[in-house]
Amino acid sequence: VQLQASGGGLVQAGGSLRLSCAASGNTFSINAIGWYRQAPGKQRELVAAISSGGNTNYADSVKGRFTISRDNAKNTVYLQMNSLKPEDTAIYYCHAEINGYPFGRWGQGTQVTVSS
């Protein structure tokens, strides 16, 4: 499985961005895909995740502002980010939980910068 993340950029506070995570390869082995972020000097944290069954979970800091969704036909997971805040600035990574791969797979990061 390979993951390709895209959609980051520079946006003003209050603005919106949509991140995409396109999966390729043996996508049937994917149990869940999550979006993580890492800000300078901070640990990587889970932002949102969606399971193969469609269950979602969110970090408290983004509930009500971010929405994770998926398009099975395109093997793509999206993260719609609204009402962005400067503290959302980070490199965002997507990660796939995969059967038989204890550490899963990471996509490359995409930078999100929110200016005040």
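Given +1 on the Cβ of Lys and Arg, -1 on the Cβ of Asp and Glu, and no further charges, what dipole in debye does the stretch 62-116 carry about its Cα centre, rounded to the nearest 20?
In total the dipole reaches around 100 debye.
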Ile68: accessible area at probe 1.4 Å, nearest 10 Å²?
10 Å²
Using Cα pairs closer than 8 Å and at least 6 residues apart in sequence, work out the relative contact order for the chain, in percent.
37 percent
Taking a 1.4 Å probe, which of Trp35, Trp106 shows the most accessible area, and what order do the others take after it?
Trp106, Trp35
Find the centroid of the Cα atoms in the stretch 63-116 and in the stretch 1-38, then give the distance between the two in whole Å.
4 Å
Taking the Cβ of Ala13 as the centre, find all other residues whose Cβ is under 11 Å away and add up their charges (Lys, Arg: +1; Asp, Glu: -1).
-1
About the Cα centre of the chain, what is the dipole size in debye to 20, counting +1 per Lys and Arg Cβ and -1 per Asp and Glu Cβ, all else neutral?
80 debye
Using a 1.4 Å probe on the protein heavy atoms, what percent of the accessible area of the chain belongs to carbon and sulfur?
48 percent
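The values are calculated or read from the model by the stated rules, or taken from the named source; none is laboratory data. Quantities reported herein were computed from a predicted structural model and do not represent experimental measurements. No Cβ is skipped: glycine too gets one built from the backbone with ideal geometry, and neighbour counts run over all protein chains shown. With ligands, DNA and RNA removed, areas are computed over all heavy atoms of the protein, side chains included. Shrake-Rupley method; radii C 1.70, N 1.55, O 1.52, S 1.80 Å.
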